[in-house]
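Comments concern the structure below.
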Amino acid sequence: MQSPKKVIIVGGVAGGASCAARLRRLDEQAIITVYDRGPFVSFANCGLPYHVGGVIPDEASLLLASPQLFHDRFCIDVQVHHEVVAIHREAKTVTVKNLLSGESFEDRYDSLVLSPGASPLKPDLPGLDLPGVFTVRSIPDTQQIRGWIAKTNAKHAIVAGGGFIGLEMAENLRHLGLEVILIQNGPQVMISMDAEMVTPLHAHLIKNGIQLKLNTTLSSVAQHGEKLIVNGELETDIVILGLGVRPETTLAKAAGLRLGKRGGISVDKQMRSSDPAILAIGDAVEVHDLITDTDILLALAGPANRQGRIAADVIAGRDSAFRGVQGTAICGLFDLAVAQTGATEKSLKRLKRAGISDYEKVYLHPKHHVGYYPGAQTLHLKLLFAKPSGRILGMQALGTVDVARKVDVVSALIQKGGTVFDLEEVELCYAPQFGAAKDALNYAGFIAANHLRGDLPLTHWNALPEGAFILDVRDDDEFSAGHAEGAVNIPLNQLRSRLSELPQDQSLHVYCGVGQRAYYAVRLLLQHGFDARDICGGWITAGMM
Ligand code: FAD
């Protein structure tokens, strides 16, 4: 009989814990040990900001499994406060340091899995080690933040960084009643999204009492009595750093494992590192982006968990492979959600690869369910697709309800290589309180497919030529309330009888509120011999630019 496999897992949270539990389900004989240098394993990082804000009042709810549970249920040995400090690849051993006793020992492996996560970026700037300046990665971090707020009776907070951790922290500090300033070094928060798609988010943050300081780079923190001074001018009681994360590769680098161009551990589809006995998963590794055909870093819980399962499969001898990522993510802010999957326009502009020589985008602003049912809320959607194939490249969404569902459906389609023609046909749940017989996603497909079939020439607000003839087909009162500079107003219902007012020798750039009346107008005009195109997403999109 073969002797049982000895498997060591470094890091017992998202990727590591998934890997350990799955491996036990596949191999009852394996000897599995998990080392984590922190005091907890299998905790919900994603819940940390909400625990700070009191939305999740009980710290214990963040603990999904204890070392005892791993032992009793899975016969897995979980050692917390144990840091793996070196890998000896020749001998297939690791050196482990017990952080409580200070003692070190060697442990042997047949397979080693690295799931050490990522560490928060803390640039080398004055004052970032002062008391009162925090990063957010672990339960002890939240304990310290909550303790500091209580001890100093904090009234003011500065959050540096408008990514999802910074934003979630800003929201939660507001829940605690603090005055919050969010500083962000560029012109938009959520830089993973296209700028116009976060315009409503900026307004929403301000509406909810967050003072936004865009184009403001964190340069220093200084102590002034009991207060902290940020950038020499902003007084506060606490500073939260949400400046991004860096893959935790200290061990891998020291062991000579290959790193990728972005600084993460380089792995194959089976999550094997350059040493086949060592697998690596989660935030520490580089992953293949399905759309842009590049290797990227993506610190998200879903991929980490799925990679953990795949690493377990591979160790157990199964032929599993990680499909790659498309960056599907969501962030909730007060009662608003922003979500994305696949490529953004920014990323497509940067990378003319993966056979994507040309792309188009559509904007739409539908209600999340039929307008006649009470409570319909506006969604803002942006769909990107390849030309001429129609392959869906990405979707971004913002709204108060149903944002996740819209993006999730598109995410599933993208993973299966779906096109806008599939989106036209996708069959979704419908009753009045949930959607529409022609769902917003069907509409996204209709608009994109109409365009590709040549039925609906499109243009965009930021692509209008100098001196363009702009035709506004909204009603008079809408036009009076605000319109594009130089636009001519002919309401749709009068268009057929007023065609003589339109130039035959010029392109007509047509818009309405969201795009539907402009579509009708463009179809009418094209059939009367005009060169007409729809300014996609209408007046609402103009307001987001
Ligand atoms: P982790 O879960 O971070 O686990 C790494 C573990 O390894 C740590 O416990 C660490 O102590 C241990 N470790 C590191 N080095 C060693 C060593 N040498 N020896 C022993 N132990 C070691 N993702 C989402 O998809 N959605 C969200 O809403 C979301 N919210 C988040 C909110 C916050 C505040 C944070 C911090 C992250 C959030 N994430 C979210 C990201 C998500 O938590 C991570 O992508 C995921 O946890 C990565 O899993 P991992 O196993 O790679 O690393």
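Normalised per residue, the accessible area of segment 181-257 is 44 Å², obtained with a 1.4 Å probe and no contribution from ligands, DNA or RNA.
Computed over protein heavy atoms with a 1.4 Å probe, the accessible surface of segment 329-405 works out to 38 Å² per residue. With a ≥ b ≥ c taken as the square roots of the eigenvalues of the C-alpha gyration tensor of segment 411-452, please select rounded if a/c is under 1.5 and otherwise prolate if a/b is larger than b/c or oblate if it is not? The shape class here is oblate.
How big is the gap, in Å, between the Cα center of segment 234-267 and the Cα center of segment 321-350? Cα centroid to Cα centroid, the span is 21 Å. Helix 195-207 and the longest principal axis of the C-alpha atoms of the chain enclose an angle of approximately 80°.
Among beta bridges identified by DSSP and lying wholly in segment 130-271, the antiparallel ones come to about 35 percent. The alpha carbon radius of gyration of the chain, expressed as a multiple of 2.2 N^0.38 Å, is 1.11. Using the Cβ of Leu205 as centre and a radius below 10 Å, the other residues enclosed give a net charge of +1, where K and R count +1 and D and E count -1. Tally Lys/Arg at +1 and Asp/Glu at -1 over every other residue whose Cβ is under 10 Å from the Cβ of Leu257; what's the total? Around Leu257, the surrounding residues sum to +2.
Pairwise Cα distances in segment 68-138 exceed 15 Å in 71 percent of cases.
What is the helix-to-structure angle for 139-152, meaning the angle in degrees between its Cα long axis and the longest Cα principal axis of the chain, kept from 0 to 90 and rounded to the nearest 10? Approximately 80 degrees, to the nearest 10. Principal-axis analysis of the Cα atoms of the chain puts helix 403-415 at an angle of about 80° to the longest axis. Over segment 438-481, the reciprocal of the mean inverse Cα-Cα separation, the Kirkwood hydrodynamic radius, stands at 13.0 Å.
For segment 1-40, the set of trypsin sites (Lys or Arg not before Pro) satisfying both a DSSP loop assignment and a count of at most 16 other C-beta atoms within 10 Å is empty. Which of Lys367/Lys387; Lys92/Lys253; Lys207/Lys346; Lys122/Lys349; Lys151/Lys227 have a Cα-Cα distance over 18 Å? Result: Lys367/Lys387; Lys207/Lys346; Lys122/Lys349 exceed 18 Å. Among beta bridges from DSSP that stay inside the chain, the antiparallel ones total about 55%.
The share of C-alpha pairs in segment 266-327 whose separation exceeds 14 Å stands at 49 percent. Rounded to two decimals, the Cα-based Rg/Rh of segment 229-291, with Kirkwood Rh, is 1.24. For segment 256-372, the fraction of C-alpha pairs farther apart than 19 angstrom is 57 percent. Segment 5-42 and segment 89-108 have their alpha-carbon centroids 16 Å apart. Net charge of the neighbourhood of Cys46, taken over other residues with C-beta under 13 Å away and scored Lys/Arg +1, Asp/Glu -1, is -1. In the chain, helical runs assigned H by DSSP with n ≥ 4 each contribute -39500 (n - 2.57); averaged across all residues and rounded to the nearest 500, the mean residue ellipticity at 222 nm is -8000 deg cm²/dmol.
Our coupling estimate for segment 17-26, obtained by passing each phi through the Karplus curve with A = 6.51, B = -1.76, C = 1.60 and θ = phi - 60°, is 5, 4, 5, 4, 5, 5, 4, 5, 5, 9 Hz, Gly and Pro reported as x.
Taking only protein heavy atoms and a 1.4 Å probe, the accessible area of the chain is 51% carbon and sulfur.
Could you compute how fast segment 316-415 diffuses translationally, taking Rh as the Kirkwood radius over C-alpha pairs and applying Stokes-Einstein at 20 °C with viscosity 1.002 mPa s? Give it in µm² per second. Approximately 144 µm²/s, per Stokes-Einstein. Remark: segment 1-105 carries 49 Å² of accessible area per residue (probe radius 1.4 Å; ligands, DNA and RNA excluded). The Kirkwood hydrodynamic radius of segment 476-545, based on inverse pair distances between different Cα atoms, is 12.4 Å. Applying 1/(1 + (r/R0)^6) with r as the Cβ-Cβ distance of Ser507 and Lys122 and R0 = 45 angstrom yields a FRET efficiency of 0.30. Of all segments of the chain bounded by GluC sites (Glu not before Pro) found in a DSSP loop with no more than 10 other C-beta atoms within 10 Å, the longest spans 234-426.
The values are calculated or read from the model by the stated rules, or taken from the named source; none is laboratory data. Keep in mind it's a predicted model, so treat the numbers as computed, not measured. Counting neighbours? That spans all protein chains shown, and the Cβs are built from the backbone with ideal geometry, glycine included. Ligands, DNA and RNA are stripped out before the accessible areas are found, and what is left, the full protein with its side chains, is counted by its heavy atoms. Shrake-Rupley method; radii C 1.70, N 1.55, O 1.52, S 1.80 Å.
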